[in-house]
Every structure is written in structure tokens, then in C-alpha cells.
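Asks: Have a look at this one.
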Amino acid sequence: MKVAIIGAGISGLAAAFEFKKHNITPVIFEKKSHIGNPVLFTSATLHIFNHFISDPFDYLKNNYGLNISPTFHLKKIIMHSPKNKAVIKGDLGYIINRMRTEGSLANQLFSQVALPIQFNSFVDLNDIKDQFDYIIVATGSNLIVKDLNLWTNLFSAQIRSTTIVGNFNTQSISMWLNREYAKDGFGYIIPINPKEAILNLVVNRITFHEIDYYWENFLYKENLDYRIIETRDASFECGLVSTHQLDNIYFIGNSAGFTDSLVGFGQIKAIESGILAAQAIINNLDYNKLVEPISKEMLKIHEFRKLFNSFSNKDLDRLLSFLKLPGIKQFIYNNPFFKVKYGAFIAKFYNNFVNN
């Protein structure tokens with residue numbers, strides 16, 4: 001069996017991990033010269049966005065034998081709207097190191113894979129599709145699925161990502177919601193360590209050249225005067241693919257549309273999709289059926305994205321007031337059985353709240 005994996009990010013490495021368990025050595029192509037993100041970068045995962053009840057890292061260990069760990073526990077989320085503030089506390093999720101440093105999520109996976117990787121390899125799918133029995137696309141990009149006319153876009157945004165210096169609680173995330181500078185997006189701070197953090201602004205419905213204006217507005221309105229030591233701009237898209245398998249080609253991670261359109265999280269789903277793609281190949285299973293629970297959750301989360309897109313600044317203020325109601329924060333964030341996919345009940349309760 002000849003298998004190629006295009007991309008040595010977390011989803012590609014997860015697929016390689018599963019192949020190695022079955023004594024199959026895939027050929028792994030990676031365009032970068034190293035594992036992990038080349039810039040200072042952390043992300044998060046929230047328990048309410050998982051399609052299973054248990055802790056995500058316990059889930060991966062118990063179901064797939066993959067032993068990885070997060071960087072920090074997430075115990076607090078501070079949410080700001082134009083005229084309101086809500087503080088959510090509890091066992092909310094995790095903060096995850098996505099950098100190239102030792103202990104990052106990608107390097108934890110790489111240490112368990114321990115297979116050769118062809119770094120600095122820019123691979124064209126058409127050049128290799130006849131050389132391998134199976135190809136897994138794990139590029140972290142939607143370019144290939146777009147070229148194959150499989151992609152439906154759900155949310156597009158411009159992102160300014162900066163590294164800032166200060167004093168930060170490594171168990172806390174801050175988020176800002178304001179239509180004036182973020183439109184349907186948001187600003188947020190995620191710590192890297194006690195002295196450094198990521199300050200990002202995500203803005204949709206603007207061009208790449210307009211991000212400067214919204215960024216300056218964001219910093220001014222929220223009185224954010226951190227020392228910035230690195231700045232990066234990027235475009236990002238979330239979407240769906242019409243099939244996750246096309247002939248002998250399998251799509252995983254963000255290349256498969258497994259980044260949610262509400263807040264842009266997808267690490268756990270990326271890892272699981274890589275493992276499931278490998279299992280589908282090894283056991284001759286229907287990959288589309290294996291990832292169906294993930295696909296369904298993506299659609300349900302997108303319903304919240306569509307609702308959020310309709311909010312005005314007054315609606316955002318009301319949303320935070322709603323989240324501060326007695327019992328609501330605890331029910332949503334601290335209830336292990338509550339998931340976003342079960343949110344119809346909460347949405348109905350919220351509608352009653354704002355209409356009374």
C-alpha cells in the first residue's frame with residue numbers, strides 16, 4: 001500500500017500516527033522546513049464545540065491511543081460588547097501551543113509519529129495522484145478542494161494577528177464584539193505565556209487593504225496599548241466540502257472544512273479526521289460516513305454563525321446580559337452534556353428573553 005500525506009500539520013501527523021500503528025509508512029510531504037507554526041501562535045478549544053461528551057484529550061487517548069496534552073487549562077473567558085461585559089468561569093476548555101517549539105501540539109504528534117518527512121516539498125496533487133494508491137490532503141488550506149470544485153464558502157475574513165508583551169493570566173481569554181471595528185467578527189487575546197500573548201482581530205466583509213483602519217479603530221475604542229513585537233496579516237475562509245473523499249483522495253482538517261465558522265476552532269476535529277481517514281484506508285471503510293458526526297456539527301455551528309451575523313451592537317449587549325443570567329453561564333459552559341449542537345433550546349430561551 002502506497003500512501004502520500006500532503007502536509008505535516010496536526011491533521012496530517014494524526015493520519016501518519018494511525019498508519020504507523022498498522023505498520024504502514026506513508027510518504028509525508030511538507031512545504032515548510034520544520035514542524036509547527038513559524039510564528040508565535042496559540043489557539044484554544046472549548047468543550048461546548050466538541051461532538052462528544054468527554055474531555056477532548058481523554059477522548060483522543062481512549063478512542064485512538066493518542067496521548068497528547070494542552071498547554072493551559074482555560075478557566076475564564078472575559079467577553080466585551082460595546083456597552084456590556086460578561087465573565088464566564090469554569091472548566092471551559094484548553095489553550096493550545098501551535099508553534100514550532102518543543103511541547104507544541106504539532107511537535108507532540110511528531111514525537112509519536114517518528115517517521116521521515118520530506119520538508120521543503122511543494123507538491124502538486126496532479127503530479128503524484130497516479131504514483132500512490134491513496135493520497136491524504138492535509139495542507140490546512142482550501143486551495144485544492146476549490147480547484148476540484150468541492151468547496152462552499154461559509155465565512156471569509158481578514159485577520160490581523162499580533163504578538164504583544166504584558167502580564168497575562170494563562171488560564172484566561174478576552175474577547176471583544178463590536179460591529180464598528182469587527183463587523184461579524186471579533187477581537188481576542190490568548191496568552192502564549194505569562195509575559196506574551198496573541199492579540200488578534202477578525203473582520204469579515206472587508207478587503208485585505210482595509211484591515212489597518214479597523215485595527216486602529218479596535219485599539220482606540222478598547223484602549224489597548226500593549227507593546228506589539230510582531231504583526232501578521234492573513235485572509236481566512238471557513239466552509240464545507242461536498243465530499244470528503246474523491247476517488248483515492250481524502251481531505252482532512254481545514255482542507256475538509258473542519259474549522260467551525262463561528263469562532264474558527266478546529267484542532268480536535270482536524271486530529272480526529274486524520275485518524276479516521278487512515279482508518280478508512282486501512283479497513284476499506286466509507287470515510288464520508290466516518291466523519292459524518294463532525295460534518296453535522298459544522299452545519300449546526302454554522303446556524304449560530306448565521307444568527308450572530310444578524311446581530312446589531314444592541315443585540316450584542318443583550319447577548320452578554322443573557323449570558324449573565326443566573327444559571328445560564330453554568331448551564332452552557334460548565335455542563336459537560338451541553339454542546340452547541342443542542343443549542344436550539346438555548347436559542348429559543350434567548351429569543352424569549354430579548355422579546356420580553
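The values are calculated or read from the model by the stated rules, or taken from the named source; none is laboratory data. The shown structure was predicted, so the numbers you read here are calculated from the model rather than taken from an experiment. All Cβ positions, glycine included, derive from the backbone under ideal geometry; neighbour counts span all protein chains shown.
Asks: Quick check: anything in the stretch 68-89 outside any loop (DSSP other than H, G, I, E, B), modelled with pLDDT under 95 and closer than 14 Å to Ile268 by Cα?
Replies: Taking every residue of the stretch 68-89 in turn, none turns out to be outside any loop (DSSP other than H, G, I, E, B), modelled with pLDDT under 95 and closer than 14 Å to Ile268 by Cα.
Asks: Restricting attention to the stretch 69-119, and to residues there that are surrounded by fewer than 19 Cβ atoms within 10 Å (Cβ to Cβ) and of a type in the set (Ser, Thr, Tyr), which single residue is nearest to Ser174 (Cα to Cα)?
Replies: Ser69
Asks: Got a sec? Which of Asp127, Asp184 is in a loop (DSSP other than H, G, I, E, B), charged (D, E, K, R) and either touching a His at 6+ places or on another chain (Cβ under 8 Å) or at negative phi (or both)?
Replies: Asp184
Asks: Mind checking which residues of the stretch 103-124 are under 13 Å from Ile28 (Cβ atoms), part of a loop (DSSP other than H, G, I, E, B) and among the hydrophobic types (A, V, I, L, M, F, W, C)?
Replies: Passing the criteria: Ala114, Leu115, Ile117, Phe119, Val123.
Asks: For residues in the stretch 277-295 being of a type in the set (S, T, N, Q) and under 22 Å from the mean Cα position of the chain (by Cα), which is nearest to Ala15 (Cα to Cα)?
Replies: The residue in question is Asn288.
Asks: Additional query: Does Thr162 qualify as being modelled with pLDDT of 95 or more, in a strand (DSSP E or B) and out of contact with any helix residue (DSSP H, G or I) (no Cβ under 8 Å at 6 or more places or on another chain)?
Replies: Here the answer is yes, as Thr162 does meet what is asked.
Asks: Could you list, in sequence order, all residues of the stretch 231-286 that are over 28 Å from Ile95 (Cβ atoms) and among the acidic types (Asp, Glu)?
Replies: Passing the criteria: Asp247, Asp286.
Asks: Filter the stretch 200-232 for residues that are closer than 20 Å to Leu262 by Cα and in a strand (DSSP E or B) and give the result.
Replies: Hits for the stretch 200-232 are Asn200, Leu201, Val202, Val203, Asn204.
Asks: Moving on to the next point. Return a yes/no flag: does the stretch 43-53 have any residue that is farther than 25 Å from Phe322 by Cα and under 21 Å from the mean Cα position of the chain (by Cα).
Replies: yes
Asks: Still on this structure: Among the residues of the stretch 1-34, write down those that are touching a residue at least 40 places away in the same chain (Cβ under 8 Å), of a type outside the set (A, V, I, L, M) and not in a helix (DSSP H, G or I).
Replies: Lys2, Gly7, Gly9, His22, Thr25, Pro26, Phe29, Glu30, Lys31, Lys32, Ser33, His34
Asks: Against the condition crowded, with 22+ Cβ neighbours inside 10 Å and within 23 Å of Asn126 (Cα to Cα), how does Ala16 come out, does it pass?
Replies: yes
Asks: Say we look at the stretch 25-36 and pick out the residues that are buried (at least 20 other Cβ atoms within 10 Å of the Cβ) and under 16 Å from Gln108 (Cα atoms); which of these is modelled with the highest pLDDT?
Replies: Ile35
Asks: Let me ask something additional. Just a yes or no: is a residue in the stretch 47-66 assigned to a strand (DSSP E or B) and among the polar types (S, T, N, Q)?
Replies: Looking through the stretch 47-66, none of the residues is assigned to a strand (DSSP E or B) and among the polar types (S, T, N, Q).
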